[in-house]
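Take a look at the structure set out below.
The values are calculated or read from the model by the stated rules, or taken from the named source; none is laboratory data. On a predicted model such as this, the values are computed, not experimentally measured, just so you know. Heads up, the Cβs are rebuilt from the backbone with ideal geometry, glycines too, and the neighbour counts pull from every protein chain shown. Heavy atoms of the whole protein, side chains included, go into the accessibility calculation; ligands, DNA and RNA do not. Shrake-Rupley method; radii C 1.70, N 1.55, O 1.52, S 1.80 Å.
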Amino acid sequence: LAHAGSILNTFTNATDPAYSVDGGLSFSRRDQKLNLSSSLSLSGAFESRPQYLGNGIAHVSTSRVNVKLTEMYRPSRNFRLNFTANSTYTNASSDASGPIAQILATNASLTLKYDFSHGYFINSDTNVIWHQDLSGSGRNNLNIPAGVEIGKRFEKNGLVINVGAYDLLNRGSAYSTSTTADSYIQKWAPSYGRYYLVNVVYEFYKRR
C-alpha cells in the first residue's frame, strides 16, 4: 500500500528499463583585430522512462535539441556589447497516448555597457523571452523586459551610486486553449510592469 501523494520510483512490472543519452558540440572563435569573440553550441538529449497512467505503465519518451549563439564585442576599453540567443525544442510522447507536448523556448538578450570619464557609466539590457506550445493546446508566453541603469563610481572611497529604470518594454501576454468534443475555449491575459530603483553600494576593497 502506498500513501496518498507517494511517488513510485521502482517499477517491478515494467518490461523496459529507463535510460537517457545526451551529447553536444561547440565552436568558438576570437578575432583579435575586431576584439570580437563568438561561440556556437549545439546539444541534444533523449530520455525514455516508464510512467504510471491509471492502472497501467506507459513509456514516456522526451527528446530535446538546443542551439546557443554568443557574441561578445569590445571595440574599446570603455564600451562592451554582449549578444546571446538560445533556443530549445522539446518533444514528449507516450507509447500509450501518443504526442504529449511540443515546446519551443527562445531567449535573446542584448547588453550594452559604456564607461564615461570621471566614473560615470550607463548600462542597458534588453531581453526577448518567447515560449511556444506547438502541440496546439497549452500556454504561450512573450516577455520583453528592458532596463537602463545610469550611475557614478567614486574611485577614492569605493562608493557607487546608480539610478535604474527596469521593465520599460515589459509587455507579457499569455493565452491557453482547451478543446473538447463540443467546445473550444481560448483565454488571453496581457500583463504590464515597470519599476525604478536607486542603489547605493560601498566597495570594501582597494583598486590596484
(message) Using each residue's phi in the stretch 80-93, evaluate 6.51 cos²θ - 1.76 cosθ + 1.60 at θ = phi - 60° and report the 3J(HN,Hα) Karplus result to the nearest Hz, with x for Gly and Pro.
(response) 9, 9, 10, 10, 9, 10, 9, 9, 10, 10, 10, 10, 10, 8
(request) Tell me which residues come under 5 Å, amide H to amide H, from residue 100 once H is placed; ignore anything under 5 positions away on its chain. (result) 92, 93, 94
(request) In nm, give the distance between the simple-model label positions of residue 29 and residue 95, each being 7 Å from the Cα along the Cα-to-Cβ direction. (result) 4.5 nm
(request) Give a residue-ordered list of calculated ³J(HN,Hα) values for the stretch 140-151 (Karplus: 6.51 cos²θ - 1.76 cosθ + 1.60, θ = phi - 60°; whole Hz; x for Gly, Pro). (result) 10, 10, 10, 10, 10, x, 9, x, 10, 10, 10, x
(request) Roll a 1.4 Å probe over the protein chains and send me the accessible area per residue for the stretch 41-125 in Å². (result) 58 Å²
